[in-house]
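Comments concern the structure below.
The values are calculated or read from the model by the stated rules, or taken from the named source; none is laboratory data. Just so it is clear, the model here is predicted, and its values are computed rather than measured. Ideal geometry is used to build each Cβ from the backbone, glycine not excepted, and the neighbour counts take in all protein chains shown. Protein only, heavy atoms only, side chains kept; ligands, DNA and RNA dropped before computing areas. Shrake-Rupley method; radii C 1.70, N 1.55, O 1.52, S 1.80 Å.
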Amino acid sequence: MRIDNRYLLHLADNNLILGQRLGEWCGHGPVLEQDIALTNIALDLIGQSRLLYQYAAEVQGGTHEDILAFLRVEHEYRNVLLVEHPNRNFADTVVRQYFYDVFNYLNYDALRQCTDEQLRAIAEKALKEVTYHRRWSSEWLIRLGDGTPESHVKVQAAVNHLWEYTGELFSPADFEIECHQTYHTPDVSTLQSAWRKHVKQTLDNATLQIPSDDVWMQSGGKSGRHSEHMGFLLTELQYMQRTYPAMQW
């Protein structure tokens, strides 16, 4: 029995959508070095998504990575809501990236123990890049939080605003539960304590406050129920493929 295609699409969609968001910073970064860093992280994420889409296309049969990436409709994407959240400002981008990077590191690290050989190889390759992503976002979170009064206020506001989107990372969908039982993929619910420990330590170093435990957590992305931002993102992401079907570079 092949691995559940929904699981592969979930992993791929997370990286593709976040890569698209980061790509929006290209040419607009606060300084040249960070403009380049954001673009490189975006390329890493999209490269990881390509490996996963290729594997998903192989498992599904009769399709291609470009079709899976660019020609599905909104409710067919299974990314978490956090990654589709727009770039309101640099603080929002850093916090969103940091929250996801810590989870992504833990998830890929655990994926190296799964019994699916091809997925395990993808995780091994991606973990090196994800380790850099986590270091970059954590350093910038500390720099902004423990920086000027203005940067502190903005990054604390971003933490407060985006916190409600983090719970979905650790709430397993049915396909995650099934893959965990069959292929020993991560039980994401068990990653939350390590994630929270790392996040709290970084927020403490950044002189930032962790939100209270009674915050309502948003969900729905894994089952295809997305925010109002997703449709606009897909309009831009899919424009070339839908305007020029089956185009070749």
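Using C-alpha pairs under 8 Å with a sequence gap of at least 6, the mean separation divided by the residue count of the chain gives a relative contact order of 25 percent. Per-residue 3J(HN,Hα) values for the range 102-108, derived from phi via the Karplus relation 6.51 cos²θ - 1.76 cosθ + 1.60 with θ = phi - 60°, read 5, 5, 4, 4, 4, 5, 5 Hz in sequence order (x marks Gly and Pro).
What is the mean projected area of the alpha carbon convex hull for the range 26-121, to one decimal in square nanometres? Mind showing how you got there, number by number?
Numbers: hull surface 29.8 nm².
Value for the range 26-121: 7.5 nm².
Quick one: pull the percentage of alpha-carbon pairs in the range 210-249 with a separation above 14 Å. Cα-Cα pairs in the range 210-249 separated by more than 14 Å: 67 percent. Our estimate of slack between Gln241 and Met1, defined as 0.36 nm per intervening residue step minus the Cα-Cα distance, is 83.2 nm.
Bridging of Lys222 to lysines at a Cα separation below 25 Å is possible for Lys125, Lys197, once same-chain residues fewer than 8 apart are set aside. Across the range 184-189, coupling constants 3J(HN,Hα) worked out from phi with the 6.51/-1.76/1.60 Karplus curve, θ = phi - 60°, read 6, 5, x, 7, 4, 5 Hz, and Gly and Pro carry x.
On the range 181-249, 53 percent of the accessible area sits on carbon and sulfur atoms, based on a 1.4 Å probe.
Adding -39500 (n - 2.57) for every DSSP H run of four residues or longer, then dividing by how many residues the chain holds, sets the calculated 222 nm ellipticity at -21000 deg cm²/dmol. Projected over every direction and averaged, the convex hull enclosing the alpha-carbon atoms of the range 104-244 yields 10.9 nm². The phi-based Karplus calculation (6.51 cos²θ - 1.76 cosθ + 1.60; θ = phi - 60°) puts the 3J(HN,Hα) values of the range 91-100 at 4, 4, 5, 5, 5, 4, 5, 5, 4, 6 Hz, whole numbers, x for Gly and Pro.
Principal-axis analysis of the Cα atoms of the chain puts helix 117-145 at an angle of about 20° to the longest axis. Annotation: per residue accessible area for the chain equals 47 Å², rounded to a whole number [probe 1.4 Å, protein chains only].
When only alpha carbons are used to place a centre, the range 1-77 and the range 188-249 end up 13 Å from one another.
Binning all Cα-Cα separations of the chain at 5 Å, short to long from zero, yields these whole-percent fractions: 1, 6, 13, 18, 20, 18, 12, 7, 3, 1, 0, 0. Qualifying chymotrypsin sites (Phe, Trp or Tyr not before Pro) in the range 50-149, where qualification requires a DSSP coil assignment and no more than 16 other C-beta atoms within 10 Å, are lacking entirely.
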